Amino acid sequence: MRNSFSIEAVIVGRNDEYEPNWESNLFSAIAYNRRLFEKTNVDYRVAFVEWNPLSERPLLAPRLTAAFPFVRGIVVDPKVHAHICRSAELPIVLTFAFNAGFRTTSADFCLGTCGDIFLGSRVVDRIVHEGLQERCLYRAERVSIRNDLQFSGASPEVIEDPTNIVHVDTCTEPPYDRPPYTNASGDFSMVDTGTMFGIRGYDEGVKNARLHIDARFGLTAMSVIDDCKLLGRVFHVSHASSHGSGQQRTLGQIYDHTANLPYANPRTWGLASYGWKSIGERLYGVSMPSLWRRKNLPNAALRAARAEGERIAAQIAGIRASAQPERPTVPATVETSLIPNVTPVLAEWGSAVETNENTISVKTGSQQWAYACTLQVHPNQVLNPSRYHWVAVRLAVTHGAFGVGLLRGQEIVHERFATKDETTSEIFLPLDESLPGWIVLRNAAEDGVSSIATIETAQIVSQPKLG
């Protein structure tokens with residue numbers, strides 16, 4: 001990478017009192033992070049995407065661009081949100097919002113981050129002195145700090161003071177200590193612009209949730225790029241709506257963020273098919289598309305980045321074409337039943353399991369993510385390499401929500417979810433040669449709620465590999 005380069009941090013938000021002092025913290029964080037790169041070889045910029053703004057409140061984006069000459073703004077009309085969003089709980093569809101910033105960048109590197117993130121001095125030092133490379137995913141461990149600090153004009157000594165730490169989302173302890181560091185939260189995901197254009201941003205198939213979009217991005221990135229580096233720590237202002245704070249239910253629906261990877265966004269990713277219009281200096285508005293309104297999408301990325309993006313997008317398409325389907329595409333053959341091998345978990349989880357003649361009744365404990373029961377995959381089971389195999393679980397949830405996943409070591413993989421809003425759910429978990437020992441059912445409802453379901457069938461099924 002050349003000695004001098006640019007980074008654009010994309011931040012998403014709106015003027016809605018998301019948290020006390022969020023607006024003042026946003027201004028403080030932007031100024032702080034820019035200050036860390038002063039008199040270095042790095043041109044640090046910010047794109048602020050104001051999504052679904054409230055009509056009764058003044059816009060944030062114009063005030064940011066007026067205050068900071070290195071900030072550009074994108075204001076996305078509420079009608080666009082209403083057209084895209086699939087959850088009444090969500091005021092912002094993060095995937096599309098971030099992508100609007102990524103798609104229109106002119107920087108060498110794109111960084112997905114948040115408005116209350118203060119970059120760690122070690123992260124900045126490594127960027128400045130080691131440089132950044134193409135086809136590498138950069139991540140940082142998130143450290144939540146006290147929210148009663150004086151953030152305006154704060155120094156690294158205050159921001160990084162160990163006595164101010166509230167919580168660490170560890171990326172250095174198992175099982176979170178390996179790429180792409182999916183416990184790092186969505187507060188630092190950076191790649192070169194060519195790679196971002198190849199992956200086409202965050203997964204725009206996620207329209208009803210706000211969690212794990214960075215994890216899906218990281219897992220997809222690792223299928224096509226060469227490296228992933230944990231640069232250090234970033235410091236996040238602790239607040240009640242933080243995921244993992246335990247103080248507020250996470251908005252949006254639960255889903256398996258490891259399913260159907262790598263994902264593939266359309267060529268129109270980043271709101272490219274919507275109406276873009278300059279509404280001020282370094283400020284764009286995005287509205288619904290129409291026949292008479294020109295799109296005017298700012299296409300600022302360098303030609304080399306676009307060409308690299310096309311190569312990576314083709315690589316992703318090839319991986320998806322050769323991947324095992326998420327579920328059987330032809331009638332499946334039943335290999336074996338797992339129903340006889342159900343085992344309740346240890347009593348301290350508070351679960352209850354009752355085996356009936358042909359079904360299993362399961363009640364979880366009231367703690368979120370408490371294990372309810374396991375189904376053993378027979379250790380002598382051998383998979384035919386000429387066939388695709390799945391664990392197929394059919395269950396009816398009458399209360400709460402369940403996660404059903406494969407247990408490999410201490411890690412749950414390929415977890416799918418079923419809720420009481422669905423009459424009966426049929427879940428398929430793809431199997432490969434490294435058979436797991438157990439299938440785990442656990443409570444996916446919020447803390448304090450027990451979930452109840454009937455497992456109607458649990459089988460290993462297969463189909464021939466086509467073509």
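Laboratory data are not the source of any read-out in this text; all were calculated from the coordinates shown. As the structure is a computational prediction, the values presented were derived from the model and not from experiment. Reconstructed Cβ throughout: ideal geometry from the backbone, glycine too, with neighbour counts over all protein chains shown.
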Sorting Thr163, Thr343, Thr355 on the 10 Å Cβ count, fewest up front, what's the list?
-> Thr163, Thr343, Thr355
Given Lys207/Lys465; Lys79/Lys207; Lys207/Lys363, which pairs have Cα atoms separated by over 25 Å?
-> Lys207/Lys465; Lys207/Lys363
For the chain, with only Lys/Arg (+1) and Asp/Glu (-1) charged at the beta-carbon, what is the dipole magnitude about the Cα centre, in debye rounded to 20?
-> 1660 debye
Could you give the dipole magnitude of segment 1-86 about its Cα centre, charging the beta-carbon of Lys and Arg +1 and that of Asp and Glu -1, in debye to the nearest 20?
-> 340 debye
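At 0.36 nm per residue, and after removing the present C-alpha to C-alpha distance, how many nm does the segment from Ser273 to Thr336 gain when stretched out fully? Intermediate results must be reported in sequence, preceding the final value.
Numbers: separation 63, 0.36 × 63 = 22.68 nm, distance 4.81 nm.
Full-extension gain reported as 17.9 nm.
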Measure out, as a whole number of angstrom, how far apart the alpha-carbon centroids of segment 302-367 and segment 31-93 sit.
-> 36 Å
Hits among aspartates and glutamates - C-alpha to C-alpha of Lys420 under 13 Å, sequence gap 8 or more where chains match = none
With each label point set 7 Å from Cα along the Cα-Cβ vector, what nm distance links Glu357 and Ser4?
-> 8.1 nm
So for segment 5-322, taking the charge dipole from beta-carbon charges (+1 Lys/Arg, -1 Asp/Glu), which of Phe68, Ala97, His239 sits furthest toward the positive end?
-> Ala97
Among the trypsin sites (Lys or Arg not before Pro) within segment 69-138, which fall in a DSSP loop and have no more than 14 other Cβ atoms within 10 Å of their own Cβ?
-> Arg86
Residues meeting the amide H criterion for Leu137 (H placed from the backbone, H to H distance under 5 Å, 5 or more places apart or on another chain) are Asp227, Cys228, Lys229
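Compute the Rg/Rh shape ratio of the chain: radius of gyration over Kirkwood radius, all on alpha-carbon atoms. Intermediate values should be presented prior to the final figure.
On the way: Rg = 23.4 Å, Rh = 23.8 Å.
Over the Cα atoms of the chain, Rg/Rh equals 0.99.
So in the chain, what percent of DSSP beta bridges are antiparallel if you round to the nearest 5?
Working: 71 of 103 bridges.
Close to 70 percent.
Rank the residues Met222, Met190, Met196 as a footprinting-exposure proxy: fewest other Cβ atoms within 10 Å of their Cβ go first. Mind dumping the intermediate values first?
Details: Met222 16, Met190 24, Met196 31.
So the ranking, lowest neighbour count to highest, is Met222, Met190, Met196.
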Cross-link reach list, aspartates and glutamates versus Lys277, counting only Cα pairs under 17 Å and skipping chain neighbours closer than eight places | Glu50, Asp77
Order by neighbour count: His83, His212, His236, fewest other Cβ atoms within 10 Å first, most last.
-> His83, His212, His236
Within segment 252-345, which chymotrypsin sites (Phe, Trp or Tyr not before Pro) sit in a loop by DSSP and count at most 10 neighbouring Cβ atoms inside 10 Å?
-> Trp292
So what is log10(I(q)/I(0)) for segment 322-456 at q = 0.08 1/Å, when the Debye sum runs over its Cα atoms only?
-> -0.20
Give a quick list of trypsin sites (Lys or Arg not before Pro) in segment 361-467 that DSSP marks as loop, anything other than H, G, I, E or B, with at most 14 other Cβ atoms within 10 Å.
-> Lys465
Please name which of Thr419, Leu283, Leu441 has its Cα lying farthest along the dipole of the chain towards the positive end, using unit charges on Cβ (Lys, Arg +1; Asp, Glu -1) and the Cα centre as origin.
-> Leu283
